[in-house]
Structure formats: structure tokens, C-alpha cells
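The block underneath contains the structure these notes are about, expressed in C-alpha cells.
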Amino acid sequence: MSLITAISARLRGLGHWLSEHEFVIVLIILAVTLGMHFATLTQPGILIGDESHYVKDARSILHGYGMQRPEHPSLAKVFIVWGIRMFGDNPWGWRLFPILFSTLSILLFFLICRRFISLKYAALMAVFLFAFENMSFVQGSVAMLDVYSVTFMLLAFWLYLRGNYAPSAIALAASAVAKLGGAFAAIAIGLHWLMTRRGQRLGLLKMLLITPAAFLALMPLTDYAVLGEWLNPISRLKYMLGTLSSLTFAHYASEVASRPWEWVIRPLVYFPYCYGPPYMSMLTVTFWALIIPSMLYMFWPAIKGSNWARFSLCWFAGTYLSYIPMNLITDRITYVFYFYPTVPAVAMAIAFGLAQLLELGQVPELGRVRWIPRIVVSSYLVAHLVILGVIGPVFY
């Protein structure tokens with residue numbers, strides 16, 4: 001028992017240090033994730049998975065042949081083109097901007113969590129879970145559209161929570177101009193406004209007016225940036241929606257496609273980009289196992305008035321649950337990495353539960369067993385990090 005008591009005392013001391021140096025810890029997390037990304041940036045030195053679509057599109061644009069993938073908007077392509085122009089047609093040119101945006105997304109997520117008065121350590125644990133979640137790490141390592149869309153989405157959420165509605169609307173539009181799926185973030189904001197901000201009608205009106213206007217303005221600007229010519233944004237949008245809606249399960253057989261509900265009820269659903277080193281867009285099992293329990297539990301604090309819980313639920317509903325009726329109605333083909341924008345919402349929910357568990361360790365009536373919650377939480381976080389090392393590309 002003396003060993004357990006000593007470990008508990010050490011964890012208590014570490015907890016005090018963490019609470020006093022929150023920003024320092026976040027900077028350490030950012031530095032560690034950056035180091036992990038740079039350690040794997042050039043491995044492999046060839047295009048992997050869907051990088052072949054978007055890097056080849058960028059090459060076509062650079063050589064003056066136009067877009068090969070016009071079914072997607074152009075904002076994310078701007079950064080892929082810039083990367084190749086600045087650093088060459090090599091892994092640095094393909095993947096440096098995704099890594100930088102991925103790092104920025106972690107910082108923005110921390111700022112979002114800090115907007116809420118919540119439980120001790122909840123913000124830090126949420127950031128830790130998001131930063132070291134396998135799908136987040138992999139999507140932030142490859143030259144695809146998703147990391148740009150998610151980063152602008154997080155910027156939109158942070159600005160919205162600050163009451164900066166007009167800039168938030170522009171960031172929201174940018175998320176959709178990076179990838180059309182970014183538009184689902186608008187549902188999350190709308191649900192949260194209905195729950196908590198119905199008196200601020202002017203703010204909602206600004207967002208309703210500015211978001212579509214900004215989208216229609218950014219579309220031709222980004223198209224011009226990559227093509228050097230102006231395109232009609234309405235025609236472009238009709239074409240994109242028509243093309244994407246034609247990609248259905250009924251017409252395209254794919255071993256790696258999956259239905260939205262499978263992402264949370266089936267373990268180890270993955271989308272392979274590369275097997276050596278292993279770039280698998282797959283949820284870490286420690287994270288996946290708590291998706292349904294944590295989101296169901298969020299209803300209780302949300303009813304009690306927790307804005308943290310309410311925002312997490314709205315985020316989950318907007319960016320994930322929206323896919324279920326869409327899939328049932330349209331049969332649109334979907335992949336597990338579409339869950340990437342929802343990972344931070346689940347990280348918030350899990351962190352809330354872990355923080356409440358830690359609070360049990362402060363109850364004097366528990367006596368000698370007060371150390372158990374600290375051991376459980378610490379073991380869970382360590383396991384979360386270790387599994388990333390096992391299934392991710394870093395220690396390949």
C-alpha cells in the first residue's frame with residue numbers, strides 16, 4: 001500500500017503542476033506532435049492513398065492543364081500548389097502545410113476548450129486526446145483536403161464562441177471551400193445557438209447572411225488563384241454537388257467504404273493510405289470505445305446547464321449524426337475519415353468524464369481508495385498515447 005500511496009502522491013503533485021502550467025503543457029504537446037510529424041514527413045517518399053488525387057491535381061494546375069478533380073473546391077488545393085512551389089514536388093512540398101495546419105488545429109481546439117468554465121484538467125485532457133488520436137495524426141500528415149477544412153472549422157467555432165459572428169461566418173465558409181463537408185459545421189453552430197443564444201438574433205442574422213455570401217465570394221477567388229481564370233461559383237457548386245451525389249454504394253464497389261453508423265459501432269474500421277509505414281485513418285481503440293458512452297453521458301451535464309457538454313453534443317450532431325440521414329436518403333459513399341471533424345467533439349466529452357472521475361479522488365469519504373481514479377485516468381491517457389505509437393507511423 002505504501003507504493004500505491006507514493007504513486008498517488010506523485011500524481012497529485014503532477015496534477016498541481018499541470019493546473020498551474022496549462023499553456024506550457026499545450027506548447028509541449030504541440031512540440032511533441034510537430035516532432036512526430038517531422039520524423040515521418042519523408043516516409044514514404046512517394047504519394048500514398050488519396051494524396052495521388054490531390055497532388056496530381058496540383059501538378060496538373062502547375063503545368064497549366066487545369067484541375068483533374070473539379071468536383072472539389074479549390075482552397076485546400078491552393079496550399080498544396082503553394083507547398084510544391086515553395087518546397088518542391090517532394091514530401092516536403094506535399095505534406096508541410098498539412099502538418100502546420102494540423103498543429104494550428106490543436107491550438108485552436110485548446111482555445112475553444114478554454115472558452116468554457118469547466119472541470120479541472122478537462123481542457124488539457126481534451127487537447128491530449130485530440131493531438132494523439134491516430135485518425136487526427138494521420139489526417140494531419142497527408143496531402144489531402146480534410147485538415148484544412150477542419151482547421152478553418154475550429155477557427156469558426158472559436159470565433160463564434162467569442163461572439164465574433166462575422167469573422168466566424170467567413171471562417172465557416174472557408175471550411176466549406178476547403179472541402180464541402182465543412183458545411184456541416186454550420187449545423188453545429190445553429191444547434192448551439194438554439195440551445196444557448198436565442199436572444200442574440202443579430203449575431204445569427206450576420207452568420208446567415210455572411211456565410212453563403214463569403215462562400216460564393218471565396219469560390220471564384222480560390223479558383224482564380226489556382227487556374228488564373230474566373231469561374232461561376234453557382235455553376236461550380238451545381239457541378240460539385242451533382243458529381244459527388246452520383247458516387248453511391250449502389251454504383252461503386254469499395255472495400256474501404258463504410259456506412260456512418262459503422263464508424264462508432266464497429267471497432268477497427270479503417271481507410272488505408274499506406275502499410276509501410278502504417279498510415280491508417282482509423283480511430284484509436286481507446287478513443288473509439290468511449291464514443292457512444294461519453295456522448296450519451298453528455299446529455300446529463302447538458303441538461304444541468306454545462307455549456308461544455310452542450311457544445312460537444314451540438315458539434316457531434318452537426319458533423320457526425322448529419323451523415324446518417326444523408327447516407328440513408330442519398331446512398332452517398334462514405335469513408336471512416338469523414339469522422340475526423342468530429343474527433344475534437346468526442347475528445348471534449350471523454351475529457352469531461354475523465355475530469356469528473358478525477359474529482360472523485362478529492363472526496364475525503366473515499367479514504368484510501370481515493371488514488372484509484374488518478375490511476376485509472378493516468379493509465380487511460382498513457383494507453384491512448386502508446387496505441388498511437390503502435391498503430392501509427394512514428395515508430396515504424
Point to revise | Residue in the range 199-211 that is nearest to the chain's Cα centre (by Cα), counting only those that are closer than 14 Å to residue 161 by Cα and either surrounded by fewer than 16 Cβ atoms within 10 Å (Cβ to Cβ) or without any contact (Cβ under 8 Å) to a residue 40 or more places away in the chain (or both) | key: 204
Review point. Is there a residue in the range 156-167 that is without any contact (Cβ under 8 Å) to a residue 40 or more places away in the chain, among the aliphatic types (A, V, I, L, M) and closer than 18 Å to residue 32 by Cβ?
Key: no
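Could we say that residue 121 is in contact with a Gly (Cβ under 9 Å, 6 or more places away or on another chain) and buried (at least 23 other Cβ atoms within 10 Å of the Cβ) here? Full working, then the answer.
Details: in contact with a Gly (Cβ under 9 Å, 6 or more places away or on another chain): yes; buried (at least 23 other Cβ atoms within 10 Å of the Cβ): no.
Here the answer is no, as residue 121 does not meet what is asked.
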Study note, to complete from the structure: Output for Cβ contacts, cut-off 6 Å, separation at least six or different chains, first residue surrounded by fewer than 15 Cβ atoms within 10 Å (Cβ to Cβ) in the range 52-79, second of a type in the set (Asp, Glu), reads 68/57
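Pick from 45, 88, 140: which is crowded, with 24+ Cβ neighbours inside 10 Å, over 20 Å from residue 173 (Cα atoms) and out of contact with any Gly (no Cβ under 8 Å at 6 or more places or on another chain)?
On the way: 45 fails: crowded, with 24+ Cβ neighbours inside 10 Å; 88 fails: crowded, with 24+ Cβ neighbours inside 10 Å.
Going through 45, 88, 140 in turn, just one is crowded, with 24+ Cβ neighbours inside 10 Å, over 20 Å from residue 173 (Cα atoms) and out of contact with any Gly (no Cβ under 8 Å at 6 or more places or on another chain): 140.
Conditions (1) basic (Lys, Arg); (2) in a helix (DSSP H, G or I); (3) more than 18 Å from residue 57 (Cβ to Cβ), marked per residue:
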site	(1), (2), (3)
189	no, yes, yes
207	no, yes, yes
211	no, yes, yes
218	no, yes, yes
226	no, yes, no
230	no, no, yes
240	no, yes, no
243	no, yes, no
Exercise for review: Exactly one condition in (1) within 21 Å of residue 180 (Cβ to Cβ); (2) over 19 Å from the mean Cα position of the chain (by Cα) is not met by residue 260; state its number.
Suggested key: (2)
Check your understanding: How about the range 251-295: which of its residues are in a strand (DSSP E or B), touching a Pro at 6+ places or on another chain (Cβ under 9 Å) and either on the phi > 0 side of the Ramachandran plot or exposed (fewer than 15 other Cβ atoms within 10 Å of the Cβ) (or both)?
Key -> 272
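Just wondering, is there one or more residues in the range 327-345 that are in contact (Cβ under 8 Å) with a residue 12 or more places away in the chain, β-branched (Val, Ile, Thr) and farther than 23 Å from residue 174 by Cα?
Here is the first cut: in the range 327-345, the ones in contact (Cβ under 8 Å) with a residue 12 or more places away in the chain are 327, 330-345.
Subset that is β-branched (Val, Ile, Thr): 330, 333-334, 336, 342-343.
With the extra rule that they be farther than 23 Å from residue 174 by Cα, the set shrinks to 330, 333.
Taking every residue of the range 327-345 in turn, at least one turns out to be in contact (Cβ under 8 Å) with a residue 12 or more places away in the chain, β-branched (Val, Ile, Thr) and farther than 23 Å from residue 174 by Cα.
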Practice item. Go through the range 62-86 and count every residue that is under 23 Å from residue 232 (Cβ atoms) and either of a type in the set (Gly, Ala, Ser) or outside any loop (DSSP other than H, G, I, E, B) (or both). Key: 8
Review point. Just to be sure, is residue 264 within 24 Å of residue 138 (Cα to Cα), among the aliphatic types (A, V, I, L, M) and at pLDDT 95 or above?
Key: yes
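Show me the helices (runs of 4 or more DSSP H) found entirely inside the range 319-396 where at least 2 residues are at pLDDT below 95 and within 30 Å of residue 34 (Cβ to Cβ). Before the answer, list the steps.
Details: elements: 323-330, 343-360, 371-391.
The helices (runs of 4 or more DSSP H) meeting that bar are 343-360, 371-391.
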Exercise for review: Go through the range 98-114 and give me each residue that's touching a residue at least 40 places away in the same chain (Cβ under 8 Å) and of a type in the set (A, V, I, L, M, F, W, C).
Suggested key: 99, 101, 104, 106, 107, 108, 109, 110, 111, 112, 113
Exercise for review: Only residues in the range 370-395 that are basic (Lys, Arg) count as the first member; pair them with residues that are crowded, with 16+ Cβ neighbours inside 10 Å, Cβ under 8 angstrom, at least 6 apart or cross-chain, and list the lot.
Suggested key: 370/8; 370/361; 374/8; 374/11; 374/15; 374/358; 374/361
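Quick test for you: out of 39, 31, pick the one residue that is more than 24 Å from residue 222 (Cα to Cα), modelled with pLDDT of 95 or more, out of contact with any helix residue (DSSP H, G or I) (no Cβ under 8 Å at 6 or more places or on another chain) and of a type outside the set (Ser, Thr, Tyr).
Values: 39 fails: modelled with pLDDT of 95 or more.
Residue meeting the stated conditions: 31.
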**Study point:** Test: residue in the range 212-226 that is surrounded by 16 or more Cβ atoms within 10 Å (Cβ to Cβ), out of contact with any strand residue (DSSP E or B) (no Cβ under 9 Å at 6 or more places or on another chain), over 15 Å from residue 73 (Cβ atoms) and not aliphatic (A, V, I, L, M)
**Key:** no
Check your understanding: Just for the range 1-28: of the residues that are among the hydrophobic types (A, V, I, L, M, F, W, C) and modelled with pLDDT of 65 or more, which one is farthest from the chain's Cα centre (by Cα)?
Key -> 24
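The values are calculated or read from the model by the stated rules, or taken from the named source; none is laboratory data. Not measured: the values here are computed from a predicted model. Cβ atoms come from the backbone with ideal geometry, glycine included; neighbour counts cover every protein chain shown.
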